[in-house]
1. When only Cα pairs under 8 Å and 6 or more residues apart are kept, what is the percent relative contact order across the stretch A:226-348?
2. Report, as an integer, the average count of C-beta atoms from other chains found within 10 Å of each Cβ along B:308-315.
3. With an 8 Å cut-off on Cα pairs and a minimum separation of 6 or more residues, tell me the relative contact order of the stretch B:2-423 in percent.
4. What angle do you read, to the nearest 10 degrees and between 0 and 90, between the alpha-carbon axis of helix A:294-303 and the longest principal axis of chain A?
5. Sorting A:205, B:257, B:125 by accessible area (1.4 Å probe), largest first, what list results?
6. Using only the alpha carbons of the stretch A:103-164, determine the length spanned along each of the three principal axes and report them from longest to shortest in whole angstroms.
7. Count, for each residue of A:197-206, the Cβ atoms from other chains sitting within 10 Å of its Cβ, then give me the mean as a whole number.
8. Across the stretch B:220-230, in residue order, what do the Karplus-derived ³J(HN,Hα) couplings come to in whole Hz, using 6.51 cos²θ - 1.76 cosθ + 1.60 with θ = phi - 60° and x for Gly and Pro?
Amino acid sequence: MKNVVCYINQFFAGIGGEDKADFEPEVRDGVAGPTAAINQGLKAQDAQVCKTIVCGDNFMSTHRDEAVQRILEALEGTEFDLFMAGPAFQAGRYGVACGEIGKAVAAKFKVPVITSMHPENPGVEMFKKEMYIMVGSHSAGSMKQDVDAMVKLAGKLLSGEELQGPEAEGYYQRGIRHQVWLKEPVQAADRAVDMLIAKATGKPYVSELIIPKKDLVPIAPAIKDLKHARIALMNTGGIVPVDNPDKIQSASATRWGRYDISGMDRLEGGVFKTIHAGFDPAAANADPNVIMPVDVMKEFLKEGKYGSLHPYFYTTVGTGTTQGEAKRMAKEIIPYLEEDHVDGVIMVST
Amino acid sequence: MKLELGNFYVKDILFGDQTKYEKGILTINKEDCLAFVRKDPHITEADLRIVKPGDMVRLVPVKEAVECRVKVNGDALFPGYTGPLSQAGNGRTHCLKGMSLLAVGRHWGGFQDGLIDMGGEGAKYTYFSQLKNIVLVADTDEEFEKHEQQKKNRAIREAVHKLAEYIGSCVKDQEPEEVETLELEPVIRRDPETEKLPSVVYVMQPQSQMEEMGYNDLCYGWDCNHMLPTFMHPNEVLDGAMISGSFMPCSSKWATYDFQNCPVIKRLYKEHGKTLNFLGVIMSNLNVALEQKERSALFVAQIAKSLGADAALVTEEGYGNPDADFTGCIVALEDAGIKTVGLTNECTGRDGKSDPLVSMDEKENAIVSTGNVSELIELPPMPEVIGELEALGRDGLSGGWAGDEILGPSVRPDGSIIMENNAMFCGDQIIGWSVKTMKEF
């Protein structure tokens, strides 16, 4: 009998909705909520759900390190062959939680991890390299369908059956590529000339390497009249008030914040700091202006080098942050700039 | 240009009193051949061995593979290199088929050298395990590079290039079992039916990254680092104009045997007049400076466009830095309106998670992929090693290492090995033999 450990949030465990999202991690023997259906499906594979972990989405997103640590400790000594989280549908925090715990479990216990998310769930971009994320549905109305898909892949992984790749198995491309011998041994010369003939004559062909699309942003035109321009400051270096009020993550950020600088001439160390986990923070903690140059911008303002300064600076963390998340955060920030008629932005990356 | 390849199919190779070919049996006079090799005073130690598919033998460090041939009219087999310049690709060349002549270092290997297992599970990693091979195992007095990672391997490589012709001479005056005639009409004088078909060029990017002479592929004896892309007749490539060099992790290399038998050219010939109009080969290169890469891409696109190519097949002898040439050339051709297919290997790392090419562009929408240079390979001990197994870990072969915190040494005390595909001799077979591809997991 093979053992599977599952992870679900407080909502699917029947504990409650947003009001119960701070629910602390709990490891239960056997099933809870949708993992009963997973357990049922696994019977055919001579496998069972031995434990179900329940954790509130808020708790996981605001106390990630603690939540992960507590779950890993609780699983110590448990023999299991596979870890399944979700399905998370389009629920963003839930998807990220499934990814965070799945990644940690895979690293510590060396077992495969399956979850399921809708294509728009931010967890897909963040974690698809780390685990099997099934292409899932929009909402829990399709619970059965998503659970069935996860169970099907689980069966193959538990029995050691060779996987047929992401498209055939229904999980997102993980960007993990290895060499294989073709079942029908066609030489590369013949494959290439066949592809050449197909491409030259407008017939369909399948490239053996799909190049990911680049999303290039053109460089903005220069500001013509700097003397009257309104400038805003932004950074991906994680400069925040010392208590990090917006709970911006130190890596793989999904959150951003904006902080009022209208009443100060510079950012003081001890009042602001960096929470970026991708470089030595000592210099930026001592003088946060080395990343977010409020001091220089205020001086330049007095000297009349530019027109005026937008009263807030904006912060997120760049390391490990996906292009998709970065784009979403930009779309959320832009209205504030437009409303205040900002002409130009200084974006500091680290 | 008309080339006749007269083929003699070698069924077995033996040592005997006289070097001769008779009824499918190639007999080699070992002492006579070794005396020929020792004419180069830089060869200090030499032996000949015969290995066949299935033999439980491991060869390392392998430096080169050549097909034994002779030009019936007496021209040099590799004009401008083993003899005076003459036109390659014309007339009659007699070839000993189903076999190759391999160069193996008796002791010392380098970055560019590789490994061949003739039998067992390691045999599938190279093309040359499928051939019968005469193996020259030699050492030289090239002290200046004995402990260098990058080796020119001049003496031992030249020895097999010359010995290939010496052995091939035994069929010079015999009637071949088969004559393969390779002929293309001049580009602007083709029959109207052929001209209606899509016209294609084959763009080859042979290895030319080293600034110092002696390491790169040669074209009629000329270092490819010093050439600009030029239009060549495919027969020239098949008939000794191109000679493999001594640089690049081994699995990404093309041996001289590969040029002589280039399967892409053979297939394009087969399709010529049926599905396509084969215009010829554009021989480019893989120089390292960005300006040189851009200049080569401009030349290739211009030549293809001027010839009226509708489609192109681009292939690179290498990975990493050469990916920039590969991608740049494909983009230049696509921008010129030429539908282009790329043929390459990938470097996705041992975990498969790295970007497959160093340089990529969305215009590369038709790629054939032949393998992952950094795939980890573990193989059991072999009863016999020809060369020196220690070379794999000791001498900086691109897929071997002396020690690793997690994996241990490449060469273990019991003779088993762990290595990257990088050191498999011409293992990714980018020339076109590869029956490997890359798959998403």
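1. Worked out over the stretch A:226-348, it gives 46 percent.
2. 3
3. 18 percent
4. Once rounded, the angle reads 30 degrees.
5. A:205, B:125, B:257
6. Per principal axis, max minus min of the Cα coordinates gives 31, 24, 19 Å.
7. 5
8. Once rounded to whole Hz, the list reads 6, x, 9, 4, 5, 5, 9, 10, 9, x, 9.
The values are calculated or read from the model by the stated rules, or taken from the named source; none is laboratory data. Just so we're clear, the structure is a prediction, and the values are computed from it rather than from any experiment. Here the Cβ is made from the backbone with ideal geometry for all residues, glycine too, and neighbour counts use every protein chain on show. SASA here: full protein model, heavy atoms, side chains in, ligands and nucleic acids out. Shrake-Rupley method; radii C 1.70, N 1.55, O 1.52, S 1.80 Å.
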